[in-house]
Amino acid sequence: MATKLIKVSDIKSNPNNPRVIKDDKFDKLVTSIKEFPEMLEARPIVVNPDMVVLGGNMRLKALKAAGVKEAPVYVATWDEIKQKEFIIKDNVGFGEWDWDILANEWDAEELGEWGLEVWQPEQEVDYSILDEENVDDHLQDMADGVKKAIQIEFEPDHYDEAYELVKFWRNQDAYVGKMILDFLKSEKNKL
């Protein structure tokens, strides 16, 4: 596998990266890069020809935090389907997932084929309401309780800031969707 040394500033984070890393694990990654930089040669960042990361988004973030100026990369010239497949297969067993991005940007069937179980474990289902003649009210109540997602797009320059803000508010146990909804209503009312 041929790798080349690239300026870290020339490598672009993938805005559709479905992986996240918690603060304590991220700090450990930064420390490990500082203490053992040779590991980067054994595990280069994988990028597409546009220098967008396919494998190693968290390492790129950690490289920047560690002040590293250059990193080995492997440039993969795969088609878009292979690139998306690699992103999932490269990370199936590690870290945590950003489920909103997975739900909005990825095909669930492909994710399953690549080894990522995207659905929650089956839960006990009470089918007794099906015995009633009028189940419409029950079905509406069930549908009202299901979380739904809306994709919000950010320019590349704003993505990292938006991601950090959402992460911050989620860590505060805030309901980010409601915060956005309230803001959008207030802005609409100003018109």
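The values are calculated or read from the model by the stated rules, or taken from the named source; none is laboratory data. None of the values given here were measured: they were computed from a predicted structure. Note that we place each Cβ from the backbone using ideal geometry, even for glycine, and neighbour counts take in every protein chain shown.
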Query raised in the report: Looking at this structure, is Val68 aliphatic (A, V, I, L, M) and at pLDDT below 65?
Result: no
Query - Pro49 being touching a Phe, Trp or Tyr at 6+ places or on another chain (Cβ under 8 Å) and either in the same structural domain as Asn104 (by TED's automatic domain parsing) or not aliphatic (A, V, I, L, M) (or both) - result: no
Query raised in the report: If only one of Leu54, Leu40 is surrounded by 14 or more Cβ atoms within 10 Å (Cβ to Cβ) and farther than 16 Å from Glu70 by Cα, which one is it?
Result: Leu54
**Report entry** Failed item, numbered, when Pro15 is tested on (1) buried (at least 17 other Cβ atoms within 10 Å of the Cβ); (2) in a helix (DSSP H, G or I)
**Finding:** (2)
Query raised in the report: Which of the following residues is modelled with pLDDT under 80 and either outside the structural domain of Lys89 (by TED's automatic domain parsing) or in contact with a strand residue (DSSP E or B) (Cβ under 9 Å, 6 or more places away or on another chain) (or both): Glu113, Glu124, Glu187?
Result: Glu124
